[in-house]
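Engineer: Below: one structure in structure tokens.
The values are calculated or read from the model by the stated rules, or taken from the named source; none is laboratory data. None of the values given here were measured: they were computed from a predicted structure. Cβ coordinates were reconstructed from backbone atoms using ideal geometry, including for glycine residues, and neighbour counts include every protein chain displayed. When the accessible area is computed, the model is the full protein with side chains, heavy atoms only, and any ligands, DNA or RNA have been set aside. Shrake-Rupley method; radii C 1.70, N 1.55, O 1.52, S 1.80 Å.
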Amino acid sequence: LRALFDLPDGLIYLDGNSLGPLPRAAGEAVGRAVQQEWGQGLIRSWNTAGWIDRAQAVGDAIAPLVGAGPGELLVADSTSLNLHKVLWAAMSLAQARQQAQGTSGGAAQRPQRRVLLTEQVNFPTDRYMADGLAESRGWTVRAVPGDALLPALAEPDVGVLMLTHVNYRSGALHDMAVVNRAATAAGVLTVWDLAHSAGAVPVDLKADGAAADFAVGCGYKYLNGGPGAPAFVWVHPALVNQVEQPLRGWLGHAAPFAFETAYRPASGIARYVCGTPPILSLTALQAGVQTVRAADALGGMAALRRKSLSLTRTFIGACGPVARAHGLRLLTPLEDDRRGSQVSWGCPPGWDGYGVMQRLIAAGVIGDFRAGDGRGEPDLLRFGFAPLYNRHEEAWRAAQALADACSHTAGATPAARPTVT
């Protein structure tokens, strides 16, 4: 499947957890969309080229990768916007449920469920969205360490749990089924961010007895949709028509081309559409998703997961000597069932982690750097392994390059950092 990608010769690309590489089919597909569909078809292509249905078609292609069914998952907007939609909906549903219980007299003494629970080290945009919504709706965000999440679910004021399936810093993987069962038992709605797992880690959003309630995900990481690719949104079919989302865009209307004055939400996941789909970006994402679905004939996500775990095990083992020699700290769990598809090494205090990564990149090994928070979280060297195109020999060569970079960077003048690190 590596042949499906246009990868530069001699380069080891270990940053697919930030931006997937270019699928060979993407350029041709986007070119056709530009030259033929847009250039020749013009506005007719909304019907003749299927533009109006493309977001749902790509959503249907992503759905089996995360355990969703046909028509349940939709490509729309960005991950952040979709997160805003589902958090707002989850908060509204939590409040409605409690109000209904209070009316029936079953929850008279229970405190208001107006706490949104999350993990302390969550992706910043997720926290920003949660904090903003909490401030506007009279809720509180409660952030706890990962190992304290399950006990915290039992607190009677928790209404919604928001988690990223694979932690962006450490690569640690939450057991979604365990968390969902605990949340359901506590009467808490779950919102999952699948940005670092869709396309790399098997996900079962509708697992028997352990289903999620809401999920969003990214199109440009392991789904290889290109920079700024649109994201996806999913709501459990049992809930999708029970609550609206706050962004009442015209394409989320039940009859968008009736141009009615009053808003009527569409049925199903279509109500989570806001604006017009970005057809050129959507076309590139469609090509990217096809690279992942090409693995179906070879065992699908289960086979990709086996190779992913083997790649990360190989890299961790090969990096052992350099880690011991230079004091790098492995932040990624060693246990297979707790590890996503990336490996993160924490730099020793005082190290220029950015400089180490720049030396690695100059040597032809592309990972990425994430700065520490100054409160105990170290500078990180992150390496994302995509089983579609990464090879085991690349894991060994990357470990040797890391040893060289560490040896030549210790004590060096810190490298100047551009906007994107």
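Engineer: Can you pull out the residues in region 262-289 that are of a type in the set (A, V, I, L, M) and touching a residue at least 60 places away in the same chain (Cβ under 8 Å)? Step through it out loud before you land on a result.
Structural biologist: Our first condition is that a residue be of a type in the set (A, V, I, L, M); within region 262-289, this holds for 262, 266, 269-270, 273, 279-280, 282, 284-285, 287, 289.
Across region 262-289, the qualifying residues are Ile269, Ala270, Val273, Ile279, Leu280, Leu282, Ala284, Leu285, Ala287, Val289.
Engineer: Condition first: touching a residue at least 60 places away in the same chain (Cβ under 8 Å) and not in a loop (DSSP other than H, G, I, E, B). Can you find one or more residues in region 242-260 that meet it?
Structural biologist: Keep residues of region 242-260 that are touching a residue at least 60 places away in the same chain (Cβ under 8 Å), which gives 242-247.
Restricting the remaining residues to those that are not in a loop (DSSP other than H, G, I, E, B) gives none.
The answer is no, given that none of the residues of region 242-260 is touching a residue at least 60 places away in the same chain (Cβ under 8 Å) and not in a loop (DSSP other than H, G, I, E, B).
Engineer: Report, by residue number, each residue of region 45-74 that is surrounded by fewer than 14 Cβ atoms within 10 Å (Cβ to Cβ) and farther than 30 Å from Leu239 by Cβ.
Structural biologist: Correct list: Asn47, Thr48.
Engineer: Restrict the check to region 302-318 and report whether at least one residue is assigned to a loop (DSSP other than H, G, I, E, B), open to solvent by 20 Å² or more (accessible area, probe 1.4 Å) and in contact with a helix residue (DSSP H, G or I) (Cβ under 9 Å, 6 or more places away or on another chain).
Structural biologist: Going through region 302-318, the residues assigned to a loop (DSSP other than H, G, I, E, B) turn out to be none.
So far as region 302-318 goes, no, none of its residues is assigned to a loop (DSSP other than H, G, I, E, B), open to solvent by 20 Å² or more (accessible area, probe 1.4 Å) and in contact with a helix residue (DSSP H, G or I) (Cβ under 9 Å, 6 or more places away or on another chain).
Engineer: The conditions are (1) among the polar types (S, T, N, Q); (2) more than 19 Å from the chain's Cα centre (by Cα); (3) under 21 Å from Val273 (Cβ atoms); (4) open to solvent by 20 Å² or more (accessible area, probe 1.4 Å), and Gln101 fails exactly one of them. Which is it?
Structural biologist: So the condition that Gln101 fails would be (3).
Engineer: Now, a different point. Could you say which residue among Val201, Val216 is at pLDDT 95 or above, more than 14 Å from Ala68 (Cβ to Cβ) and in contact with a strand residue (DSSP E or B) (Cβ under 9 Å, 6 or more places away or on another chain)?
Structural biologist: None of the other options fit; the residue is Val201.
Engineer: Could I ask something else about it? What's the total number of residues in region 373-391 that are surrounded by fewer than 16 Cβ atoms within 10 Å (Cβ to Cβ) and farther than 23 Å from Leu223 by Cβ?
Structural biologist: First, the residues of region 373-391 that are surrounded by fewer than 16 Cβ atoms within 10 Å (Cβ to Cβ): 373-376, 391.
So of that shortlist, the ones also farther than 23 Å from Leu223 by Cβ come out as 373-376.
Looking only at that region, the number is 4.
Engineer: Shifting gears a bit: If I ask for residues that are among the hydrophobic types (A, V, I, L, M, F, W, C) and closer than 15 Å to Ala63 by Cβ, which ones from region 216-231 would you list?
Structural biologist: Within region 216-231, the first condition is being among the hydrophobic types (A, V, I, L, M, F, W, C), and the residues that meet it are 216, 218, 223, 229, 231.
Passing the criteria: Val216, Leu223, Ala231.
Engineer: Only residues that are outside any helix (DSSP H, G or I) and among the charged types (D, E, K, R): list them for region 45-81, please.
Structural biologist: Glu72, Asp77
Engineer: Additional query: Please go through region 16-44 and give me each residue that is open to solvent by 20 Å² or more (accessible area, probe 1.4 Å), in contact with a strand residue (DSSP E or B) (Cβ under 8 Å, 6 or more places away or on another chain) and not in a helix (DSSP H, G or I), ordered by number.
Structural biologist: Taking region 16-44 as the starting set, the residues that turn out to be open to solvent by 20 Å² or more (accessible area, probe 1.4 Å) are 18-19, 22, 24-25, 27-28, 30-32, 34-40, 42-44.
Adding the requirement that they be in contact with a strand residue (DSSP E or B) (Cβ under 8 Å, 6 or more places away or on another chain) leaves 18, 22, 24.
Scanning region 16-44 gives Ser18, Leu22.
Engineer: Which one of Leu251, Leu247 is closer than 28 Å to Gln95 by Cβ and out of contact with any Gly (no Cβ under 8 Å at 6 or more places or on another chain)?
Structural biologist: Numbers: Leu251 fails: out of contact with any Gly (no Cβ under 8 Å at 6 or more places or on another chain).
So the residue among Leu251, Leu247 that is closer than 28 Å to Gln95 by Cβ and out of contact with any Gly (no Cβ under 8 Å at 6 or more places or on another chain) is Leu247.
Engineer: Please go through region 194-211 and pick out each residue that is under 15 Å from the mean Cα position of the chain (by Cα) and either closer than 14 Å to Ala63 by Cβ or crowded, with 24+ Cβ neighbours inside 10 Å (or both). Walk me through how you get there before you give the answer.
Structural biologist: Let us first name the residues in region 194-211 that are under 15 Å from the mean Cα position of the chain (by Cα), namely 194-205.
Result: Leu194, Ala195, His196, Ser197, Ala198, Gly199, Ala200, Pro202, Val203, Asp204, Leu205.
Engineer: What pairs come out if I take residues in region 146-165 that are under 23 Å from Val66 (Cα atoms) and pair them with residues that are of a type in the set (Phe, Trp, Tyr) and open to solvent by 10 Å² or more (accessible area, probe 1.4 Å) whose C-beta lies under 6 Å away, six or more apart or interchain?
Structural biologist: Taking only residues 6 or more apart or on different chains, the pairs are Thr164/Phe123.
Engineer: For Gly226, which of the numbered conditions (1) part of a loop (DSSP other than H, G, I, E, B); (2) among the small types (Gly, Ala, Ser); (3) out of contact with any Leu (no Cβ under 9 Å at 6 or more places or on another chain) fails to hold?
Structural biologist: Against the list (1) part of a loop (DSSP other than H, G, I, E, B); (2) among the small types (Gly, Ala, Ser); (3) out of contact with any Leu (no Cβ under 9 Å at 6 or more places or on another chain), Gly226 comes up short only on (3).
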